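The values are calculated or read from the model by the stated rules, or taken from the named source; none is laboratory data. As the structure is a prediction and not an experimental result, all values here were calculated from the model. Heads up, the Cβs are rebuilt from the backbone with ideal geometry, glycines too, and the neighbour counts pull from every protein chain shown. All accessible areas refer to the heavy atoms of the entire protein, side chains included, with ligands and DNA or RNA removed. Shrake-Rupley method; radii C 1.70, N 1.55, O 1.52, S 1.80 Å.
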Amino acid sequence: MQIQIGNHIYDVIIEKKRGVKNTYLRVKKDLKLYVSTNILVSDRKIKQTIEENMPSIVKMYEKQLRKQEENSGFSFLGKKYEVILTGGKEISLGREKVFIGREVTEADLDKWYKKQAQIIFPERLEYWVQRFDRKISFPSLTIRKMTSRWGVCNAKLKRVTLNLELIKKAPACLDYVIVHELSHFIELNHSARFWKVVESNYPNYQEIRKIMKNY
């Protein structure tokens, strides 16, 4: 099955399972529409559901396309750089351009990003711990790539884990995530009291959250 949105045609992947009670529509990174539904639901009913939800599906595609545009090329601390391919395996950052060797792999890029993050992330973490309006212990820091979270707080182990991808985003995004995770040392869940802690330390957090929803 396929659907057409504007001038583009996209594949529809139908996943029928016995334990699924409702029909769920998702657009993934591969720009395919995934339909999860019960095994008894007919293809005709699925097509009808897609047609009825087309405005929402269009928004899902627009969001994925924005993400792809945002994540394309080379970004560092919220700034996009023109990529210039060179010989060898070096990565050199200029004012407006980044020079990347033709032999550089994705793993090499991740190593470069992590090297920068290991300098910047601890500095920002220390900054926010020191100016936090509640007394908290200085946590240990882990940096790794994550697919579904920007940060994780383990209050018991006094550890904060930050997504390596934050090194590509604007510094305000990194600061917000750090404040968010530090706030979990005061309030473990996302209650109203939790958000008050966040707001008292980062007043414009809602503005940054809206920006990050597009990533």
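Normalising by the residue count of segment 124-215, find the relative contact order in percent from Cα pairs under 8 Å and 6+ residues apart.
Details: 102 pairs, mean separation 22.2, N = 92.
Worked out over segment 124-215, it gives 24 percent.
Ordering THR161, ILE119, SER191 by the projection of their Cα atoms onto the charge dipole of segment 74-215, which places +1 on the Cβ of Lys and Arg and -1 on the Cβ of Asp and Glu, puts SER191 at the extreme positive end.
Ligands, DNA and RNA are left out, and with a 1.4 angstrom probe the accessible area of segment 86-169 is 64 Å² per residue.
Put simply, when 100-106, 162-168 are sorted by average Cβ atoms within 10 angstrom per residue, most first, you get 162-168, 100-106.
Peptides 193-202, 143-152, 1-10 ordered by packing proxy, namely the average of other Cβ atoms within 10 Å per residue, highest first: 193-202, 143-152, 1-10. DSSP beta bridges confined to the chain are antiparallel in about 55 percent of cases.
Rg(Cα) of the chain divided by 2.2 N^0.38 Å?
Computed over Cα atoms of the chain, the ratio equals 1.26.
Are any of the pairs LYS17/LYS67; LYS63/LYS111; LYS89/LYS168; LYS97/LYS213; LYS21/LYS196 more than 32 Å apart by Cα-Cα distance, and if so, which? Pairs exceeding the cut-off: LYS21/LYS196.
In the chain, the portion of solvent-accessible area held by carbon and sulfur atoms comes to 48 percent [1.4 Å probe, whole percent, DNA, RNA and ligands not counted].
Extending 7 Å from Cα along the Cβ direction at LEU93 and again at LYS158 yields two label points whose distance is 3.1 nm. Note on the chain: with charges restricted to the Cβ of Lys and Arg (+1) and Asp and Glu (-1), its dipole about the Cα centre is near 660 debye.
Helical content of the chain, expressed as a calculated mean residue ellipticity at 222 nm, amounts to -13000 deg cm²/dmol (DSSP H runs of 4 or more residues, -39,500 (n - 2.57) each, divided by residue number, nearest 500).
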